[in-house]
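Just so it is clear, none of the values below were taken in a lab; they were calculated from the coordinates. The structure presented is a predicted model; accordingly, all values stated were derived computationally and were not measured. Cβ: placed from backbone, ideal geometry, glycine included. Neighbour counts: every protein chain shown.
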Amino acid sequence: MSISHLFLWLTASIWGFAFVAQSTAMEVIGPHTFNAVRFLLATLSMIPLLLIFKTKQDYDPKALLKGSIAAGSLLFCGFTFQQTGLLYTTAGNAGFITSMYIVLVPLVGLLFKHSVDRLTWGGIAVSLVGFYVLTIGPNLSINKGDVLELAGTLFWTCHVLLISYLSRSLPALPLSIAQFAIATLWASLTAFTLEEPSLVAVELAWWPLVYAGVASSGIAFTLQTLGQRQVTPSTTALILSMEAVFAAIGGWWLMGEVLSDRALFGCALIFTGMIVSQWPRKETAIEATKEASR
C-alpha cells in the first residue's frame, strides 16, 4: 500500500467516525447549533491550507461568490437533514444511506445528459434493493431518521454534481472555504430561529464539534488532496466509499449499536452496489469522487 492510498484510507475512516461524533453530540446540543459551530470551525481550519496549497488558477471573484452561495446552500441542506436524522437513527444507518450519493450521482446525472453504463446501472439497482432491505419495515413502514438521511443524500448528490461543474472554472480550496462560510451563515440563522444556542451546550459538545469541524474538514481535506495526486479517480471513489463501513464500525465499537441480520444484509447490498458502480473500467475511469465538502 502506497502512502497515497494510506491517506485516502485515513480520510474514509475520519469521515466514517464523524457520524459517531455527530450522533453523540445530539445528547447535549441541537442539530442546527451543532452544524453552525462545526461549519465555523471547518471554515477557520481550512484557511491555513491556502498557505500550503497556493491557488495559481485564475478565476472570476463574482463566479466564486455565486458558486459558493449555491454550493454552501446545498451543503447546509445536506448536513441539516443528516444531523437531524441522527436524532432518530443509528450512525451505521446514516453512514450507509449517506454514502448512496455515490450511486445516485450518475442517476441524477441523466437529467444533464450524462451517460451511464451497464455496470453502473447494476450497482444502482443493487444499492436500491439494499436501501429497501435496510430501511423498510413491516407494512412498508420506514424510520423517520432514515427518511431524513435519504433527503440529505439527495442534497449531497446535487452538491457533488454542482461541485463537478464549478471545479472546471473555480479553484477547489477557495470554493470549499467560501461554501463553508455560506453554510455557517445559514446554520447560524436557523439555530437562532429554531433553537436556543448556548455556550454551555457548545462546551459539552466540544470534542465532537472539533472532530466534525476540524478533523473531518481541514485534516481530511488535506489527506484527500494529497492522496488523490497519485491515485486514479475510480480507485479513490472505491476507498472513500469505505466511509460507510467505518461509520458502522464506529457505531458498534463506541456506541454499542447492533445491526440486525436484515440490516447487515441491507448494508452489504448497498456497499456492493457502490463497489460495482465505481469499479475501474478498462477504457475510462469514473470521475465520481467525493469532493472537499466535509
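Please identify, among E149, E203, E243, the residue showing maximal mean-square fluctuation in a Gaussian network model of the chain using a 10 angstrom Cα cutoff.
Most flexible of the set in this elastic network: E203.
Over the residues of the chain, compute the C-alpha Rg and express it relative to 2.2 N^0.38 Å.
Working: Rg = 18.1 Å, N = 294, 2.2 N^0.38 = 19.1 Å.
Dividing the Cα radius of gyration by 2.2 N^0.38 Å gives 0.95.
Give me T84, T33 sorted ascending by neighbouring Cβ count inside 10 Å, so fewest comes first. Before the final figure, lay out each step's value.
Numbers: T84 21, T33 25.
Ranking T84, T33 by Cβ neighbours within 10 Å, fewest first, gives T84, T33.
Can you list which of the trypsin sites (Lys or Arg not before Pro) found in segment 1-85 are DSSP loop residues with at most 11 other C-beta atoms within 10 Å?
Working: sites: R38, K54, K56, K62, K66; in loops: K54, K56.
Taking segment 1-85 and a limit of 11 other Cβ atoms within 10 Å, the loop trypsin sites (Lys or Arg not before Pro) found are K54, K56.
Relative contact order of segment 99-201, please, whole-number percent, based on alpha carbon pairs below 8 angstrom and at least 6 residues apart. Let's see the in-between values first.
Details: 36 pairs, mean separation 30.6, N = 103.
Value for segment 99-201: 30 percent.
With charges set only on the Cβ (+1 for Lys and Arg, -1 for Asp and Glu), what does the dipole of the chain come to about its Cα centre, in debye to the nearest 20? Display every interim value, and only then the final one.
Numbers: 15 positive and 15 negative charges, 166 e Å.
Dipole of the chain, to the nearest 20 debye: 800 debye.
Among F79, F17, F53, which one shows the biggest mean-square fluctuation in a GNM of the chain, springs joining Cα atoms closer than 10 Å?
For the chain, modelled as a Gaussian network with Cα springs under 10 Å, the answer is F53.
If R0 is 30 Å, what FRET efficiency do you get for V129 and E195 from their C-beta distance, rounded to 0.05?
On the way: r = 38 Å, r/R0 = 1.25.
Plugging the Cβ-Cβ distance into 1/(1 + (r/R0)^6) gives 0.20.
Give me the distance between the Cα centres of segment 5-21 and segment 66-138, rounded to whole Å.
Each part's Cα centre sits 18 Å from the other's.
Would you kindly state how much longer the chain becomes between L204 and R168 on full extension, computed as 0.36 nm times their sequence separation minus their alpha carbon distance, in nm to one decimal?
Values: separation 36, 0.36 × 36 = 12.96 nm, distance 4.13 nm.
Going from the current span to full extension adds 8.8 nm.
Taking the beta-carbon count within 10 Å as an exposure proxy, list V37, V276 from fewest neighbours to most. List each step's numbers first, then the result.
Numbers: V37 26, V276 18.
Ordered by Cβ neighbours within 10 Å, fewest first: V276, V37.
Projected onto the charge dipole of the chain (+1 at Lys/Arg Cβ, -1 at Asp/Glu Cβ, origin at the Cα centre), which of T55, P31, L154 gives the Cα projection farthest towards the positive end?
Farthest towards the positive pole: T55.
If I stretch the segment between S115 and I3 completely, what's the gain in nm (0.36 nm per residue apart, minus their alpha carbon distance), one decimal? Don't jump to the answer; show the numbers that get you there.
Details: separation 112, 0.36 × 112 = 40.32 nm, distance 3.31 nm.
Going from the current span to full extension adds 37.0 nm.
How much length would be gained if the chain were fully extended between K56 and L264, taking 0.36 nm per residue of separation minus their Cα-Cα distance, in nm to one decimal?
70.3 nm
What are the residues whose amide H is under 5 Å from the amide H of I142, where those residues sit 5 or more places off or on another chain and H is modelled from the backbone?
So I142 has HN proximity to G137.
Going by how many other beta carbons lie within 10 Å of each one, how would you line up L194, L170, L199, fewest first? Spell out each step's value before the answer.
On the way: L194 11, L170 22, L199 7.
Exposure proxy ranking, most exposed first: L199, L194, L170.
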